[in-house]
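Asks: Handing you this structure, nothing more for now.
The values are calculated or read from the model by the stated rules, or taken from the named source; none is laboratory data. Keep in mind it's a predicted model, so treat the numbers as computed, not measured. Reconstructed Cβ throughout: ideal geometry from the backbone, glycine too, with neighbour counts over all protein chains shown. What goes into the accessible areas is simple: the full protein's heavy atoms, side chains included, and nothing from ligands, DNA or RNA. Shrake-Rupley method; radii C 1.70, N 1.55, O 1.52, S 1.80 Å.
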Amino acid sequence: MKKIKLLSFLLPLFFITGCFNYRELNELAITSAVGIDKTEDGYKTTIQIINTQKNGADTNSSMEQPKFVTYTSEDKNLQESLRRVILESSRRIYADHIQVLVIGEDLARDGIYDILDLFFRNSELRKQFQVVIARDTTAEDILKVVTPLETLNSKHIDEGLSVDNKYLGVGEVVDFEQLVASYLDSNKEIVLPSVTLKEKDEEGDNIENTESTEPAENVIESTMGVFKDDRLLDFLTEKESIALSFVRGKINNTVLSYECHDNKYVVSEIMNTKTDVSVESEPLKAKIKITGSLNINEVTCDLDLEDLKVVDEIESNLENELKNNINDTINTIRDEYNTDVFGFRDILYKSNPKYYREIADDWYDSVFKNMDIEIDVNFDFVEKGNSLKVIKR
Amino acid sequence: MKNKINCLQFASMMSMLLVASFLGIGMFSVIKSAGVDSYISIVIAAIAGIFIMLSFFVIYDYEPNLNVAEKFKSIFGKPLGTILNYLSLAIILFMGISAMFNLTTFITSQFLKSTPPYLIGLCFAFLVILVNIKGIETLSRTCLVLFTLCAILFLISIIGLFPEFDMANLKPCLEYGLKRPLVGAVYNFLFNLLPIYLLLVIPKNSLVKPEKYRKYMCIFYIISFLIKFVLVVTTIGVLGIHLASIYQYPEYMVLKRIKIFTFIDRIENVITIQWLFGLFFNISFVVYYITHSLKQSHKSKLLPVIITIIIFVGSNYLFKNNTAFNDFTYSKVPYMRAILFFIYILLFVGILIKKRCNKKVTS
Amino acid sequence: MLDDIEKIVNRLKKDTNNIGDIVYRKKYIGKTKLYIIYNEPLASSDKISDFIIRSLTRIADSKVSSKKLLQVIENDISNFKVTTIDNYESLCFYLHRGFTILLLDGDREALVLETKADLARGITTPDTESTLRGSKDAFVEDYQKNIGLIKKRIRSNDLWIDPMVMGRYTNTQVGLLYVNGVAKKELVETIKKQLKKIDIDGIINSEVLKNLIEKENKNVLPTLITTERPDVVVNALLEGKVVIIVDNSPYALVMPAVLNDFFKTAEDYYGKWKNVSLTRVVKFFAFFISLILPAFYIALITYNQEMIPTELLVNFATQRDGVPFPAFVEATIMLLCFEILRESDLRVPSFTGSSLSIVGALILGDAAVQAGIVSPIMIIVIALTSISALPFTEPELINGLRWYRILFMLLASFLGMVGVVIAFIYFIIELTSLNSFGKPYLMPYAPTSFTGLKNSLIKFPAKKLKERREYLSNNTIKQRIGEDEKN
C-alpha cells in the first residue's frame, strides 16, 4: 500500500500543470444560430450569440439590452471565416447549443455540399439543429431581426418551424443529421424548409421593433425548396408544399378546403394522417395511400349538414381535392424539376433491390417521368363541431 | 471466505467482458464488413459462440484447483506449456493495450479535447492497480455493481430510442447474400466472444457453489447476446446505414437523439458511462489474468503495477492515432486473435484426449 | 492471603495515599476484630447501615465461635449478593466497584457485599434518535441499568452475556451480548479475541472502544452502529448481531454493520412496508445527492456544458456573470461556511436543531449573492447537499462522506464528468473491499443475497420476511405464524 501512497502523491503534480479543457461559463459565447451566405470569393458567416449579461444595477441605460448579438465575418472557406469571429468577440465561440442553421439562397442554388463537412466533423457540435434556407433575402438579415413573443431569434425560427409542421404542414422540419443522411444516401433527395422576411418600410434590427403591436420586420416561415443532389432547384407553392408533405408522410395536422360555389368554401381540418407508399415492380407502379380523419371547421355554403348523403359528398369532395393537389404536384415536380423527392426510388430499392439495380441508371431519364402513380385518399369524417346545421336565416 | 466469489459475480464478469469490448472496434468492424445485415452476423456469431461455451465448460471442469497457466503445463508438459502460456499472454497483453487505447481515445475525442490522453490513461491505470492489489473478491464485486448500473443505463437508452426507430432503415435484407454477414460474424466472434476464455484464470475452487455456474453463465450469455443485438439493431435502425458507417463512434452518436418526455434531453454523456465502466473492467481483468498466469514465485504486489505501466505506455506510443489503430485492428488483429483461439482449442483437445486416455486406463 | 488484617489495611492506606473517601470501620464481634471498608462516593451509606451494620450487630448478640464466624455472617447477612475473596487484588477490585469489604482477623477469606450507589441519571427519552412511534426509553450511563433495559425485552435463557474488565486505570466493565443459537459462534470468537488484545490506560466510554476495535479498518466509513435505543439493540440481537455495552456510556455498539444498516432507523420496524420502502428510496437518493451533487454541478458548469438544456444554460450564465471565483473555489467556500455553521450549531446551548443553522446559512448565502461573491444556484446546490446528509442517524457516516465528497469535487474540477466517473469507480472499489468483522460491506448488493435484498432498498411485507439473513445466522427461521394462517 505504500506504493499506492507514493503514486497518489505523484498524481497532483500533473494537475498543478493546469486543468485542460476548463471553461468557465463567462468565457463562452453561447451560439444559438449560424447563417452562411455566399460572396464572390468565399463565405460570409453570421453568428448569433446569446447575451448573458445581467440586467439591472450594472447597466447605466434604462433600456433593456437585446437578448442576442450578431457578428459577421468573411473568408474564403467556412472554418476560417468562423474562426475570424474571434477578432470581433471577446469570448470563445461555443457552438454546442446551436438551434438553427440558415443557408442563403444563393449558396443553396450553388450547392450546399461544401458546408456540410465542417458541421459534421466537429465533435463539439450536436447535429440536431434545424436547417432552413433564407428565401429572397440573405441569412444575415434573417438573423438580425428582433422577433416578438420570443426573446431569441433562433428560438423563434426553431419553434416556428415545429409549430408550422404540427398544424399546417407547409414546411417540414429537417435537422442536420437527417440532411446529411439524405445526402449520403444516393436514393434520397433533399428538401429543406425556408424562411423569409415580412417587412414594413423601417428596419427591424433594434429593440424598438417590438415596441409596437405590429413589428416592423418579422421572420415568417415559407414553403419548401426542392433539391437535386445538393443544388436548390426552386421553391414550391404552399399548396404544393402541403401535398409534398402528405406524400412524404410528414403531415400531422392541416387544413383543406374546396369551393362549392363562387367564393364559398367548405373548410376542414385533417388529423391523424397516415401515408403508405409502396412501389411495385413489373410493371413499375407507385401506390400512395393516405388515410386520416376529418373535422369540418367552417362551412359557408348552403348545405344541409344533417343529411348523411351531403356529409359523404363533402368527404369525397375533399378527398378528390387532395388527390388532385397531389397529382398536380407530382406532375409539376416530374416535369419541371425532375427530382425524386417523394422517395419512390428508395422504397423500390428497399423492397426489390435486384429489379432496382436493373433500372437504376435510367431513373431520371425515363423511368421516373413515365412512372405510373396511383393515389388513394381515404378520410373518415369524425365531427362537425358544435353546430348541427349551417347558420342561415 | 478469502478469495471466494459467487456464481452470479462470475457470470456478470463474463457478461461485462463480452459487451464492453463492443465499443469502438467491435461495432466498427461489424458495420464495415456487413453493412445493413450486421444483426445477422451477431446472431451467427452467437450461435458459433455456443461452441466456445461448451469447450469452456470442459476445460473449466478439468482439475478444478488449477488455473489456466497450470493447466497448460499439466497437459502439454513444462516446456511446451510454458511457451503456449507466454504466447497467449502476449496476445492478451495486446488486447489490454487496445482496450486502454480505445478508452483514452474515446474520452479525448468526445469529451476532453485539449487534455493529453496520457493524463486520463494515468488516472485509469491508478484505478486498475488499486483493484488488482485488492484481489479477485473486490474485482468481482465491483463488476457486479458496475454491471447492474450498465444494465439500467442501457434500458434507459433503449426506451429513449424506441420512438426514433425506423424499420425501413434495416432493409434491404441480405442484398448481397450471406457472404458479408459471415465475414462480420467472424470479426464479432474473434473480438467479442473470445474474452470468455479469459475467465479460465479463476480456478473452479474459488467459486462458492461450483455446481451452479453453468446455469448462470448460460443466462448471462443470452443477456449479453441480447444487449449486443439490440444495440446493433437500434444503431442501424435509428441512424441508417450510411450515417452509421461514416461516424467514428456510431453507438455514441445515436444516443444524442434520445429525447424522453421532451425534457430528458442531452443525456448521452450519462449513458456513455456504461462503456467507461466496461472498458475499465476489461483492462483490469486483463491485468489480473497476466498477474496470475506468471510463475507463483513472482506473485507480489509489484507485478500488477508493472503490467499496468506496460499497458499504459504501450497505449500511448504504439499507435499514432485512431486511423492507424482502426486500420491495424481491421486488417491484422483478427489473425492474432485467431492464434489465441487456436491455443485454447489445443488445450480443449488436449483435455479431451487425456480424458479418453484416463477412461481407457480405468476401464 | 487476608489473615493479617492490620497489615492489609496499612498497605491499602499506603496505596491509596490514605484518602479520606475510603472509610475503615473497626468492629468487634466477640473477640474477633472486623474491619468494614468501603468507598464512600461509590457506596450507598444507607445500604451499609441498613443491611450490614444491623446484621452484624444482630450476629454479635448471638454468641458464635470465632472459627465459624465467616460462615455465619455469610449465611445471615441481609445483603443479597455476597462473595468471598482471598487476595489483595480482588479486594481492590471490589472496593472500587462500590462493594463493602468485611475483613475478619485470622480468617483467610474476606467477605464482599454489594452496596452500590446509584450515580446515574434516570431513564429518559433518547436525544439523538427520536422517533414518532415506538418505545421512548434510552440507555443511561449505568451498566446494570442498560443490561436491565435489554433483558427486560429478551426474557429468555438464551441471552448470554460475557463480561470483561478493560482499562488499566479505569477498570471499566464491558459486556458482550448475543443470543445463543442465533448468533454465529465465529463472530463472537472474533470479537472476543479482538477485545482481549486491547491493552490501554482507560476506556472512557463506548466510542473510545469503537475506535480501538475498528483499528483494522483504514476507511473513513463506519463499520459499527452506535445507538442509544434499546429496541434497536434488541432487534439487532434477534438478527444475530453482537452488542457491546460499556459502563458509563449511553451508547451501545452493534456489530457487524454493513452499509445497508445505516439506511434503516428505528421507525422502519414500526411502519407499513410500503411507506417504509418509499422512505428508504428517498434516503438512498439523499445519500447519492449528498455525495455527488456538488461534483456533478461543477462538472456540468465547467466542462460538460452540453448536458444542460439551452435555457437553463443561459440562466446559469446570467447568474454567474460578474462572479470572480471559479466554480470549484466557490463551492469550497460555501461548503466550508456550511460546515462551520453546522459545527457552531452543535455548540450553541439550545436544542432548536439544525433548522436554525440552515436558515442562517440561507440568509448568509443570500447576502453573499447580493454582494456578488457567489451565484444563487451554488447556494441551492450546497444547501441541498448539506441537508441531504442529515437523514442518517450515524454521525460517522455523515463525517465520512465528507472525504468522498471532496474527492469527487476535486476530480470533477480537473476532468469534468469523466472525473466524476473515475471518482465513482474509486468509491465503489473502496466500498467493495471493506469488510465489517468478516462481513462484506455491500452485503445484500455485491455478494447478492436474496434474503438480504428483501429488507434493503425496498422492504418486503412481513409475511415474506420470515428468514434471517444467512450471513448473520445459521438459524434462519424467524417467523412461524404465517404457516398456520393458511389453514
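Asks: Take the conditions among the aliphatic types (A, V, I, L, M), over 26 Å from A:Asp229 (Cα atoms) and open to solvent by less than 50 Å² (accessible area, probe 1.4 Å) and apply them to A:Val145. Does it pass?
Replies: Considered against the rule, which asks whether it is among the aliphatic types (A, V, I, L, M), over 26 Å from A:Asp229 (Cα atoms) and open to solvent by less than 50 Å² (accessible area, probe 1.4 Å), A:Val145 comes out as yes.
Asks: Another question, if that's okay. With (1) touching an Asp or Glu at 6+ places or on another chain (Cβ under 7 Å); (2) within 29 Å of B:Glu137 (Cβ to Cβ); (3) more than 14 Å from every other protein chain (Cβ to nearest Cβ) as the list, and B:Met27 as the residue in question, which single condition is left unmet?
Replies: The failed condition is (2).
Asks: Okay, moving on. Are any residues in the range B:272-290 among the β-branched types (Val, Ile, Thr) and crowded, with 21+ Cβ neighbours inside 10 Å, and if so, which ones?
Replies: B:Thr272, B:Ile283, B:Val286, B:Val287, B:Ile290
Asks: Answer yes or no as to whether C:Ser413 is within 14 Å of chain B (Cβ to nearest Cβ), within 26 Å of B:Ile273 (Cα to Cα), touching a Lys or Arg at 6+ places or on another chain (Cβ under 8 Å) and crowded, with 21+ Cβ neighbours inside 10 Å.
Replies: No; evaluated as a whole, the condition is false for this residue.
Asks: Quick check, is A:Ile93 surrounded by fewer than 19 Cβ atoms within 10 Å (Cβ to Cβ), within 24 Å of C:Leu313 (Cβ to Cβ) and out of contact with any Asp or Glu (no Cβ under 7 Å at 6 or more places or on another chain)?
Replies: Yes; evaluated as a whole, the condition is true for this residue.
Asks: What are the residues in the range C:429-440 that are open to solvent by 10 Å² or more (accessible area, probe 1.4 Å) and either more than 8 Å from chain B (Cβ to nearest Cβ) or under 15 Å from C:Gly400 (Cα atoms) (or both), if any?
Replies: C:Glu430, C:Leu434, C:Asn435, C:Phe437, C:Lys439
Asks: Of all residues in the range B:168-185, how many are of a type in the set (Gly, Ala, Ser) and crowded, with 16+ Cβ neighbours inside 10 Å?
Replies: Residues in the range B:168-185 being of a type in the set (Gly, Ala, Ser) and crowded, with 16+ Cβ neighbours inside 10 Å: 2 in total.
Asks: Then there's this: Being assigned to a loop (DSSP other than H, G, I, E, B), within 10 Å of chain A (Cβ to nearest Cβ) and under 30 Å from A:Pro66 (Cβ atoms), is that true of even one residue in the range C:327-341?
Replies: no
Listed here are the residues, each with its yes/no results for (1) within 14 Å of chain A (Cβ to nearest Cβ); (2) within 28 Å of B:Val270 (Cα to Cα); (3) modelled with pLDDT of 85 or more; (4) in contact with a Gly (Cβ under 7 Å, 6 or more places away or on another chain).
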position: C:Thr226; (1), (2), (3), (4): no, no, yes, no
position: C:Ala236; (1), (2), (3), (4): no, no, yes, no
position: C:Ser249; (1), (2), (3), (4): no, no, yes, no
position: C:Lys264; (1), (2), (3), (4): no, no, no, no
position: C:Arg280; (1), (2), (3), (4): no, yes, yes, no
position: C:Phe285; (1), (2), (3), (4): no, yes, yes, no
position: C:Tyr297; (1), (2), (3), (4): yes, yes, yes, no
position: C:Ile301; (1), (2), (3), (4): yes, yes, yes, no
position: C:Pro309; (1), (2), (3), (4): yes, yes, yes, no
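Asks: Something else about it: Being facing chain A (nearest Cβ under 10 Å) and not in a helix (DSSP H, G or I) narrows it down to one of C:Val323, C:Val314, so name that one.
Replies: Of the residues listed, the single one that is facing chain A (nearest Cβ under 10 Å) and not in a helix (DSSP H, G or I) is C:Val323.
Asks: Related question: Tell me, which residue of the range A:295-346 that is among the β-branched types (Val, Ile, Thr) and in a strand (DSSP E or B) is least open to solvent (accessible area, probe 1.4 Å)?
Replies: A:Ile296
Asks: Quick one: in the range B:243-255, of everything that is in a helix (DSSP H, G or I) and crowded, with 19+ Cβ neighbours inside 10 Å, which residue is nearest to the other protein chains (Cβ to nearest Cβ)?
Replies: B:Leu243
Asks: Among the residues of the range B:136-147, is any within 7 Å of another protein chain (Cβ to nearest Cβ), over 30 Å from A:Glu177 (Cβ atoms), surrounded by 19 or more Cβ atoms within 10 Å (Cβ to Cβ) and in contact with a Pro (Cβ under 9 Å, 6 or more places away or on another chain)?
Replies: Yes, the range B:136-147 contains a residue that is within 7 Å of another protein chain (Cβ to nearest Cβ), over 30 Å from A:Glu177 (Cβ atoms), surrounded by 19 or more Cβ atoms within 10 Å (Cβ to Cβ) and in contact with a Pro (Cβ under 9 Å, 6 or more places away or on another chain).
Asks: Out of the range C:126-142, which residues are open to solvent by less than 80 Å² (accessible area, probe 1.4 Å) and farther than 25 Å from C:His96 by Cβ?
Replies: Result: C:Pro126, C:Glu129, C:Thr131, C:Gly134, C:Ser135, C:Asp137, C:Ala138.
Asks: When B:Ser74 is evaluated against the numbered criteria (1) more than 12 Å from chain C (Cβ to nearest Cβ); (2) over 18 Å from the mean Cα position of the chain (by Cα); (3) at pLDDT 85 or above; (4) farther than 27 Å from B:Phe220 by Cβ, which criterion, by number, is the only one it fails?
Replies: (3)
Asks: I'm trying to understand the selection: among the residues of the range B:107-135, which are under 21 Å from B:Tyr252 (Cα atoms), facing chain C (nearest Cβ under 9 Å) and open to solvent by 20 Å² or more (accessible area, probe 1.4 Å)?
Replies: B:Phe111
Asks: Outside any loop (DSSP other than H, G, I, E, B) and among the acidic types (Asp, Glu): is that true of C:Asp118 in this structure?
Replies: No: the conditions fail for C:Asp118.
Asks: Name every residue in the range B:4-40 that is at positive phi and crowded, with 24+ Cβ neighbours inside 10 Å, in order of residue number.
Replies: Answer for the range B:4-40, where residues must be at positive phi and crowded, with 24+ Cβ neighbours inside 10 Å: just B:Gly24.
Asks: Further question: With away from every other protein chain (no Cβ under 14 Å) and at pLDDT 85 or above as the only criterion, which of A:Glu159, A:Glu80 stands out?
Replies: From the options A:Glu159, A:Glu80, the qualifying one is A:Glu80.
Asks: Hey, does the range C:81-92 have a residue that's small (Gly, Ala, Ser) and in contact (Cβ under 8 Å) with a residue 24 or more places away in the chain?
Replies: no
Asks: Being crowded, with 21+ Cβ neighbours inside 10 Å and over 21 Å from C:Ala412 (Cα atoms): is that true of B:Thr104 here?
Replies: It is false that B:Thr104 is crowded, with 21+ Cβ neighbours inside 10 Å and over 21 Å from C:Ala412 (Cα atoms).
Asks: Same structure, new question: Among the residues of the range C:121-151, write down those that are touching a residue at least 40 places away in the same chain (Cβ under 8 Å), part of a loop (DSSP other than H, G, I, E, B) and more than 15 Å from the chain's Cα centre (by Cα).
Replies: C:Thr131, C:Leu132, C:Arg133, C:Gly134, C:Ser135, C:Asp137
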